[in-house]
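Reading through the structure tokens given below for one structure.
The values are calculated or read from the model by the stated rules, or taken from the named source; none is laboratory data. If you're wondering where the values come from, they're calculated on a predicted model, not measured in any experiment. Heads up, the Cβs are rebuilt from the backbone with ideal geometry, glycines too, and the neighbour counts pull from every protein chain shown. Note: areas computed on protein heavy atoms with side chains; ligands, DNA, RNA excluded. Shrake-Rupley method; radii C 1.70, N 1.55, O 1.52, S 1.80 Å.
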Amino acid sequence: MDTALWIVVAAALLTAIMTGVGALPFLFVKKVGDRTMGWSNAAAAGLMLAASHSLIAEGVSLDITLTLVGVLAGLGAIVLADRLLSGAGDVEVADLQGAGAAKALLILGIMTAHSFAEGVGVGVSFAGSEGLGAYITTAIAFHNVPEGLAIALVLVPRGSPVWKAALWAIFTSLPQPIMAAPAYLFVETFRPFLPVG
């Protein structure tokens, strides 16, 4: 594996590790009140909503129909996953059981699924113009911190230790280094054909 590919994988691994940073506030706050939970959830959701809006706006500028299909497919996948988990009976994840575990599993699943696209974004950006890879990696790394906070907000108040919440947060972002390498290689492989296209 060449040096550039190692850099891509290392950068994507850094973005995954940054997700675990979102759990760190719980090292300093032992008991989380309902008001703090509400504000924390609102902050994490607001950051996610802002990022989603930016992505949707970018997609609309390229193709409004495909963007609408993508948004509806994502929404449909979340609703379907929620219904499947509601009818699954007893679920256990991260030392949680029952309804809390089902909610945690839904959030962990959603975060993991969307990390595949972030990994592709890192890989493609490193194959793009100079500096773009570092810029996109930095943006995704900082974006992953509130994702980790959202995961920790589901796990820690329900009894999971902070270290376990941080590891679960990192786990949800492991698709990023997994997908970054093939995305980078794909773009590099087909770069010579771009002028013909």
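A compact table of results
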read-out	value
Residues being under 14 Å from L13 (Cα atoms) and among the hydroxyl-bearing types (S, T, Y) - total across region 113-163	3
Boolean, A51 is more than 27 Å from P182 (Cα to Cα) and either surrounded by 12 or more Cβ atoms within 10 Å (Cβ to Cβ) or at pLDDT 85 or above (or both)	no
Matching entry among G89, G100 (being open to solvent by less than 70 Å² (accessible area, probe 1.4 Å), on the phi > 0 side of the Ramachandran plot and at pLDDT below 80)	G89
Qualifying residue in region 34-47 (condition: among the β-branched types (V, I, T), at pLDDT 85 or above and out of contact with any strand residue (DSSP E or B) (no Cβ under 7 Å at 6 or more places or on another chain))	no
All positions within region 11-46 that are under 30 Å from V187 (Cα atoms) and either among the acidic types (D, E) or open to solvent by 60 Å² or more (accessible area, probe 1.4 Å) (or both)	L13, L14, I17
Helices (runs of 4 or more DSSP H) completely within region 1-71 that count 2 or more residues being without any contact (Cβ under 8 Å) to a residue 24 or more places away in the chain and touching a Ser or Thr at 6+ places or on another chain (Cβ under 6 Å)	34-62
